[in-house]
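The values are calculated or read from the model by the stated rules, or taken from the named source; none is laboratory data. Bear in mind the structure is a predicted one, so any value in this text is a computation, not a measurement. FYI the Cβ positions are ideal-geometry reconstructions off the backbone, even for glycines, and counts take in every protein chain you see. Ligands, DNA and RNA are stripped out before the accessible areas are found, and what is left, the full protein with its side chains, is counted by its heavy atoms. Shrake-Rupley method; radii C 1.70, N 1.55, O 1.52, S 1.80 Å.
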Amino acid sequence: QVQFVESGGGLVQPGGSLRLSCAASGSIFNVHLMGWYRRAPGKQRDLVATMTSAGRTNYADSVKDRFTISRDNDKNTVYLQMNSLKPEDTAVYYCTADVQITINYKPYTYWGRGTQVTVSP
């Protein structure tokens, strides 16, 4: 099994910053794509940013130039630096990773439990 430890969420004022982190642990042979999604109240879960193990990134248009995704492959950890936060960034943020548990298995997508980010005066 694979477990995630997510941290860094909280309450911040508009224009502020937060840094999310998510560490994957357990039966891991290799971690491929890692990233973050979010679900705002009453909305579906949407892509925020992803990063391949080679460092290729993909961002939602709404967060480009404000959020930065990074990862530490040795620690199986992904980070999301969020700057210039806006009220519309308020959501539950979910960590995700495509994890290969052994060389004989295809990668499977795992999800964290989510961490709340609230942007409010």
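Miscellaneous remarks
- The residue that is nearest to GLN3 (Cα to Cα), counting only those in region 82-108 that are at pLDDT 95 or above and among the polar types (S, T, N, Q), is THR96.
The rows are residues; the columns are (1) closer than 17 Å to SER53 by Cβ; (2) in contact (Cβ under 8 Å) with a residue 12 or more places away in the chain; (3) part of a strand (DSSP E or B).
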{"residue": "ASP65", "(1), (2), (3)": "no, no, no"}
{"residue": "GLN81", "(1), (2), (3)": "no, yes, yes"}
{"residue": "LEU85", "(1), (2), (3)": "no, yes, no"}
{"residue": "TYR93", "(1), (2), (3)": "no, yes, yes"}
{"residue": "VAL99", "(1), (2), (3)": "yes, yes, yes"}
{"residue": "ILE103", "(1), (2), (3)": "yes, yes, no"}
{"residue": "THR109", "(1), (2), (3)": "yes, yes, yes"}
{"residue": "ARG113", "(1), (2), (3)": "no, yes, no"}
{"residue": "THR118", "(1), (2), (3)": "no, yes, yes"}
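- Residue match in region 53-69 (condition: closer than 23 Å to LEU11 by Cβ, among the aromatic types (Phe, Trp, Tyr), modelled with pLDDT of 95 or more and open to solvent by 20 Å² or more (accessible area, probe 1.4 Å)): no
- All positions within region 13-59 that are more than 18 Å from TYR93 (Cβ to Cβ) and assigned to a strand (DSSP E or B): SER25, GLY26, ASN30, VAL31, HIS32
- Residues in region 15-38 that are within 12 Å of the chain's Cα centre (by Cα) and open to solvent by 50 Å² or more (accessible area, probe 1.4 Å) were compared, and the one that is farthest from GLN3 (Cα to Cα) is ARG19.
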